[in-house]
Amino acid sequence: MSIRALGYIGLGVSDLERWERFATHILGLVVEPHAPGDTLFCRVDERHHRIAVHPDGRDDLLYAGWEVADATELAGVAERLRVAGIPHSVAEPQLLRDRRVSGLVQCSDPDGIATEIFWGPLVEERAPFVSPRALSGFVTGDGGLGHIVLTVADADASMHFYRDVLGLRISDFIEFERLPGTLVNMAFLHCNSRHHSLAFMQLQAPKRLSHLMLEAREIDDVGRTYSLCEAEHIPITMTLGRHTNDEMLSFYMATPSGFNLEFGWGGKTVDDAVWQVERYHAVSVWGHRRQPVVQPLPIIQTERVPR
Ligand SMILES: [Fe+2]
């Protein structure tokens, strides 16, 4: 075993204020107290943060933090990077403080996304996660933050990096017509019982991050959040539906940075002892109808906390 989970991500955004309201009032995350203009540390569970939102302006994924058990396993991953000829560095103390982790090795994935392998995250055991919305919370734990879906320049290079070097395992593939005339082959990879922590597709796109998925504990949280998005004019980019491969019941909304957030429930889990890689030709069993994105993205209108 090596990589255990997608532990955290860092986003670079152009509108920090809108992101704070989006994170708290729409997603129901807890944002740590901070000075105006400072990085937003968003809590999803008992960890200090799992999503860091930086005033960077790129409106894309800045880095992904992949978790290992301890310093020994981190050294093992660093050795695999060395053998594969992938440049990497051991984090300075300041970066460890910024990320709230105990040890960290940095490298880049084939598309230049900062990839951080870490151990020993800070757990806020004295302040249990309580959503500012009436949400049951999010499925994290051994399954990590959720999943990210990336657009990549070279799927073979990405497969080599994430599967052969980092040690993620293939869950399945979906080959589908993403847009009329555009056939896309998506690869889904797991590193724990969550069906996938990472998926990627070779596609020219303005952003590397296609979407981030958060999994609610209760199905009604998906419905409530769907209604909240409609009430607050948050663009729903794919309607409610159920995916073929991970069986996630979900919908997609546009974030203030333009990439999507999948809000889901009920994802299938993987048992490596019996898992069989499969291939699908459709993304969804039902629903997930693509909606045109309204530009510019509307401002979140109200600070009302729904109950
Ligand atoms: Fe997804």
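Using a 1.4 angstrom probe, figure out how much accessible area the range 72-125 has per residue, in square angstrom, rounded to the nearest whole. Walk me through the intermediate numbers first.
On the way: 2750 Å² over 54 residues.
In whole numbers, the range 72-125 has 51 Å² accessible per residue.
How large is the Kirkwood hydrodynamic radius of the range 229-300, counting all unique pairs of alpha carbons, in Å? All intermediate terms of the calculation are to be shown ahead of the outcome.
Numbers: mean 1/r = 0.0734 Å⁻¹.
Result for the range 229-300, one decimal place: 13.6 Å.
With a Cα-only, solvent-free Debye model of the range 141-287, what are the log10 I(q)/I(0) values at q = 0.10, 0.20 Å⁻¹?
-0.34, -1.39
Using unit Cβ charges (K, R positive; D, E negative) and no other charged atoms, how large, in debye to the nearest 20, is the dipole of the range 5-119 about its Cα centre? Display every interim value, and only then the final one.
Details: 11 positive and 19 negative charges, 25 e Å.
It works out to roughly 120 debye.
Plugging the Kirkwood radius over Cα pairs into Stokes-Einstein for the chain, at a temperature of 20 °C and a viscosity of 1.002 mPa s, what D comes out in µm²/s? Walk me through the numbers before you get to the answer.
Working: Rh = 19.6 Å.
Stokes-Einstein gives a translational diffusion coefficient of 109 µm²/s.
Given R₀ = 22 Å, FRET efficiency for GLU124-ARG217 by Cβ-Cβ distance, to 0.05?
On the way: r = 19 Å, r/R0 = 0.85.
E(calc), rounded to 0.05, equals 0.70.
Tell me the carbon and sulfur percent of the accessible area for the range 39-101, rounded to whole percent, probe radius 1.4 Å. Don't jump to the answer; show the numbers that get you there.
Details: 1470 of 2790 Å².
Whole-percent figure for carbon plus sulfur exposure: 53.
In the calculated pair distance distribution of the range 5-119, what percentage of Cα-Cα distances lie above 18 Å? If you can, show how the numbers build up before the last one.
On the way: 3435 of 6555 pairs.
Roughly 52 percent, once rounded to a whole number.
Counting C-alpha atoms alone, how compact is the range 76-139: give Rg to one decimal and Dmax as a whole number, in angstrom.
16.0, 49
Can you tell me the FRET efficiency between ALA134 and ASP271 if r is taken as the Cβ-Cβ distance and R0 is 41 Å, rounded to the nearest 0.05? Each step should come with its number before you reach the end.
Numbers: r = 33 Å, r/R0 = 0.82.
Approximately 0.75, to the nearest 0.05.
Would you please put 85-95, 179-189, 165-175 in order of how densely packed they are, using the mean number of other Cβ atoms within 10 angstrom per residue and starting with the highest?
Details: 85-95: 12.1, 179-189: 14.6, 165-175: 19.3.
The densest-packed peptide leads the list: 165-175, 179-189, 85-95.
Would you rank THR239, THR269 by solvent-accessible area, highest first, keeping every protein chain in place and using a 1.4 Å probe? Mind showing how you got there, number by number?
Numbers: THR239 15, THR269 90 Å².
Largest accessible area first, the residues go THR269, THR239.
Rank by packing, highest mean first: peptides 33-41, 145-153, with packing defined as the count of other Cβ atoms within 10 Å averaged across residues. Write out the running numbers ahead of the final one.
Details: 33-41: 12.4, 145-153: 22.1.
Put in order of decreasing packing, that is 145-153, 33-41.
Given the DSSP H assignment, sum -39500 (n - 2.57) over each helix run of at least 4 residues in the chain and divide by its residue total; what's the result at 222 nm in deg cm²/dmol, nearest 500? Present the calculation step by step, with values, prior to reporting the outcome.
On the way: 5 runs with 45 residues, N = 307.
The helix-only estimate for the chain comes to -4000 deg cm²/dmol at 222 nm.
Along the Cα→Cβ direction, 7 angstrom out, place labels at ARG169 and ARG58. What is the inter-label distance in nm?
3.1
Through the Karplus equation 6.51 cos²θ - 1.76 cosθ + 1.60, θ set to phi - 60°, convert the phi angles of the range 185-194 into ³J(HN,Hα) values in whole Hz; use x for Gly and Pro.
Per residue, the Karplus-derived 3J(HN,Hα) values read 10, 9, 9, 10, 10, 10, 9, 7, 6, 5 Hz.
For the range 222-255, run through the GluC sites (Glu not before Pro) and keep only the ones in DSSP coil with at most 16 other Cβ atoms within 10 Å of their Cβ.
The qualifying sites are GLU247.
Which value, in debye to the nearest 20, gives the size of the charge dipole of the range 141-287 about its Cα centre, when Lys and Arg are +1 and Asp and Glu are -1 at the Cβ?
Working: 11 positive and 19 negative charges, 53 e Å.
I would put it at about 260 debye.
Taking the Cα of ARG290, stepping 7 Å toward and past its beta carbon, and measuring to each backbone N in the range 165-187: which are under 12 Å?
Label zone hits: 176-184.
Can you list the HN-Hα couplings for the range 151-157, worked out from phi with the Karplus curve (6.51, -1.76, 1.60; θ = phi - 60°), rounded to whole Hz and with x for Gly and Pro?
Ordered by residue, 3J(HN,Hα) equals 9, 10, 7, 9, 4, 5, 5 Hz.
The values are calculated or read from the model by the stated rules, or taken from the named source; none is laboratory data. The structure presented is a predicted model; accordingly, all values stated were derived computationally and were not measured. Cβ coordinates were reconstructed from backbone atoms using ideal geometry, including for glycine residues, and neighbour counts include every protein chain displayed. Surface accessibility is based on the protein's heavy atoms, side chains included, excluding ligands, DNA and RNA. Shrake-Rupley method; radii C 1.70, N 1.55, O 1.52, S 1.80 Å.
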